[in-house]
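To keep things clear, I will list the structure first and then write my remarks on it.
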């Protein structure tokens, strides 16, 4: 299949996988702490990736390792903890809509740090997207006063990391095998993840706590599909398309996440949906010129 068609297949698959990841995080933190969810996600993913692709490490050249390390932090290490922290207070559907800020940060950092050209329309799109995020947050404080919407800051920080990550992959790792990039990321992450997991007391309590075991199952599914498989697909998508096209997976992720959220009993106000739509309009404007180009 040629790249023009394949990129759309990847986009749909990632939308389904990552759109479902928010509800899996929510189920994970019911029996585990947010720190345990993040550390487990990294640990299980590393085990999966090493078992199927450790030989790919030999493809990584000396000049790649700096960017492998930086993308491991920006695209994996910090976001897995930040999303778990955020979903202690925010519904999965809201978290998914806030995640739609990713393409906006992709453009911002592309302009500031990576020399990507922009237009007035794209700048307008960034501003509209930020307005949408504010509408979403303030509407939520009124509709769900029991939720602490200051936790939205954690998702904003995670999307900043994603915006940096996708630009670094495109500019500095575009010639490297997609699986090699992800395996290389987790070479750096496996030891810190195990140390954090041990520090939380996970290994001394998991065999005695049924609720923890159930949550562990959800995190294992999340790690296999939402991190290991999805990251390989995503890096490949970045390589065959553009950073902004790849990050536009956040267009459709909220649809899947809202579906799961409603099944789980979550509620959204019309103003929250309006905020999500405004974000997507902004992202569309940001992406429109690059698609034409």
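Read-outs throughout are calculated quantities, based only on the coordinates presented, and are distinct from any laboratory measurement. Keep in mind the model is a prediction, meaning the values are calculated, not measured. Positions of Cβ are generated from backbone atoms using ideal geometry, with glycine treated the same way; all protein chains shown enter the neighbour counts.
Some observations on this one:
- Prolate is the label for the range 206-252. Its Cα gyration tensor axes, ordered a ≥ b ≥ c, give a/c of at least 1.5 and a/b above b/c.
- Between residue 269 and residue 174, the contour length at 0.36 nm per residue exceeds the Cα-Cα span by 30.1 nm.
- Remark: spin-label model distance residue 259-residue 114 equals 3.0 nm, labels positioned 7 Å along the Cα→Cβ axis.
- Estimated from helices alone, the mean residue ellipticity of the chain at 222 nm is -23500 deg cm²/dmol (sum of -39500 (n - 2.57) over DSSP H runs with n ≥ 4, per residue).
- P(r) weight above 35 Å for the chain, C-alpha pairs, percent: 15
- The packing ranking, built from the mean of other Cβ atoms within 10 Å per residue, places the peptides 35-45, 67-77 in the order 35-45, 67-77, highest first.
- Shape call, the range 186-293: gyration tensor on alpha carbons, a/c limit 1.5: oblate
- Here the contact order of the range 3-292, divided by its residue count and restricted to Cα pairs under 8 Å and six or more residues apart, works out to 41 percent.
- Segments 265-276, 80-91 sorted - mean Cβ within 10 Å per residue, highest first: 80-91, 265-276
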